[in-house]
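Structure record follows, encoded as structure tokens.
Values in this text are rule-based calculations from the coordinates and carry no lab data. Here the structure is a predicted model, which is why all the values come from computation and not from measurement. All Cβ positions, even for glycine, are placed from backbone atoms using ideal geometry, and neighbour counts span all protein chains on display.
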Amino acid sequence: MLNFNNLTQDQVNTYYQTLLNNLPELDPNTTVKIANSIWYNQNLSVLPQFLQTNNTYFNAKVQSLDFSNSSSVNTINSWVNTQTNGAIPSIVNQIQAGDEMYLVNAIYFKSIWNEKFDPAKTIPLPFTLADNSQVQTSFMDGKIDFKRYDNSEVHVFELPYSNNRYSMVIAMPETGTSVTQLAAGLDSAKWNLWINSLNPINSELKLPKFKFSYSASLNGPLAELGMGIAFSNAADFSGINATLPLQISRVDHKAYIDVDESGTTAAAATVVVVGTAAAPIPPPTVIDHPFIFVIRQVNTGLILFAGVMNNPLQTD
């Protein structure tokens, strides 16, 4: 599913270990926190090698809990709240019968734009929704350096964060193509074409401020990506416990993002439950209808967050 077919398990683990250690150190004006944890029922016998691997390569916090005690939910949620600096206060509602282990990943990102927008220039403008109705919302406005690529299907923009270590990529479909259609047709080849075709530009840019939170079950999407067996009786998690017939029960995901004149704050938590040349001045770039947004590390291309902004006034 993740194109690791030619790599050994140790190579994959070492790669992730390098990312976890290096990403937070790339830029002093950017905070990146990637945290992992394993919470398991105190009655479950877990193979030491599984716990050791996760602790060594993924810096995972490992803790056994009394799953029959409701305070265990608070313990897990408190950890998520801390790791996301309060952006995601909880990920687990209740521990259900048959749940044996929670694998929790939390990521937090906060950075400033390489060129900040002046709040005094923020103005109300219409934003066109998918149904062609319009809402008035606050648009940031500034003449800045960014990158752009256009074709008959999409307009792609890359806005750098501090010191150009991270960036936000925005893909706004051309009129006649919905953002849903654009997202459905996006694959690695098209994404690479967009990124490799970006050209630097200095122009006026109008971008809506937006802030929202999102939650969803990832069971269906992960099954469609080829992980269906992990949710079935055919799952093999003998690396966790050699005797119990373990399988994944749920994969729940929550995300939060806040984009304003200064920069971006974003957080996500996922729990896996087991059970150029001189040219004429270009016209202003106005991002005024639904778009895909991606926060990525520029040098590696690693994607930290991705989503669709349908309505800048909608917060959930």
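Report the Stokes-Einstein translational diffusion coefficient (µm² s⁻¹, integer) for the chain, Rh taken as the Kirkwood radius over Cα pairs, at 10 °C with viscosity 1.306 mPa s.
My calculation gives 74 µm²/s for D.
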Using the Cα centre as the reference, give the magnitude of the dipole from point charges on the C-beta atoms of the chain (Lys, Arg: +1; Asp, Glu: -1; all else neutral), rounded to the nearest 20 debye. 360
Charges only on Cβ, +1 for Lys and Arg, -1 for Asp and Glu: so what's the dipole of the stretch 113-179 about the Cα centre, in debye to the nearest 20? 260
Between Asn59 and Asn132, 0.36 nm times their residue separation minus their Cα-Cα distance comes to what? 21.6 nm
Expressed in angstrom and rounded, the centroid-to-centroid distance over alpha carbons for the stretch 233-266 and the stretch 60-107 is 12
Hey, if you put +1 on the Cβ of every Lys and Arg and -1 on every Asp and Glu Cβ in the stretch 1-128, which of Ile112, Ile34, Ser70 ends up farthest toward the positive end of that dipole? Ile112
Anisotropy class of the stretch 201-316 from Cα gyration tensor, a/c 1.5 cut: prolate
For the stretch 74-193, projected area of the alpha-carbon convex hull averaged over all directions, nm²: 11.9
What does the charge count around Leu182 come to, taking other residues whose C-beta lies under 12 Å from its C-beta (Lys +1, Arg +1, Asp -1, Glu -1)? -2
Just name one of Ile229, Val154, Phe305: the one whose Cα is farthest towards the positive end of the charge dipole of the chain (beta-carbon charges, Lys/Arg +1, Asp/Glu -1). Phe305
Quick one: give the max-minus-min coordinate of the C-alpha atoms of the stretch 48-140 along each principal axis, largest first, in Å. 56, 32, 22
Determine the dipole magnitude for the stretch 175-305: charges of +1 sit on the beta-carbon of Lys and Arg, -1 on that of Asp and Glu, nothing else is charged, the reference point is the Cα centre, and the result goes in debye to the nearest 20. 20
Note the direction-averaged projected area, equal to a quarter of the hull surface, for the Cα convex hull of the stretch 1-81, in nm². 7.3
Filter on Lys147/Lys211; Lys116/Lys190; Lys147/Lys254; Lys33/Lys209; Lys121/Lys143; Lys110/Lys147 - keep pairs with C-alpha separation over 19 Å: Lys147/Lys211; Lys116/Lys190; Lys147/Lys254; Lys33/Lys209; Lys110/Lys147
Ranked highest first by the average count of other Cβ atoms within 10 Å around their residues, in what order do 91-97, 32-38 fall? 32-38, 91-97
